[in-house]
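Below is one structure; the comments refer to it alone.
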Amino acid sequence: MPSASSSPPFADSLKVIATLSGPGGSTLRTFEIITGTLILEKRLHVPESGRLSEPHTLGKHIVFSHDSEAIYALSDGHIVTHLDGATGEVKWTWSSPDRTYVSVLFSTE
């Protein structure tokens, strides 16, 4: 089972490491931790809409579920996406109605 470890803009579980790259963390990638093999690549939002870039951790965060293969990703400071960590299937996405720089969401994990 994945651990609850997290650290923007990358995080690791017991089996994989995940990264958010591109403007605002537009692309989520997971890699097998021993071999570095790419497991999953998922576009979370179009890179052209990415607004947050400095510092590189602003508005980006990844959290692995405590009891499943789920990944939760915060990208562009206002989009939260719940993904199946094995398949990349998006389970749900939430976007803050207030997309200004002033109201950036963050994880307390």
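Distances between placed amide hydrogens fall under 5 Å for VAL16 paired with ILE33, all partners being 5 or more residues away or on another chain. Here the extension length gained between SER95 and LEU38 equals 17.8 nm, from 0.36 nm per residue of separation less the Cα-Cα distance.
When each of the peptides 76-84, 32-40 is scored by how many other beta carbons lie within 10 Å of its residues on average, the order from highest to lowest is 76-84, 32-40.
All of the numbers you see were taken from the coordinates with simple rules; none came from a lab. What you see is a predicted model, and the numbers here were worked out from it, not measured in a lab. Cβ sites come from the backbone with ideal geometry, for glycine too, and all protein chains shown count toward neighbours.
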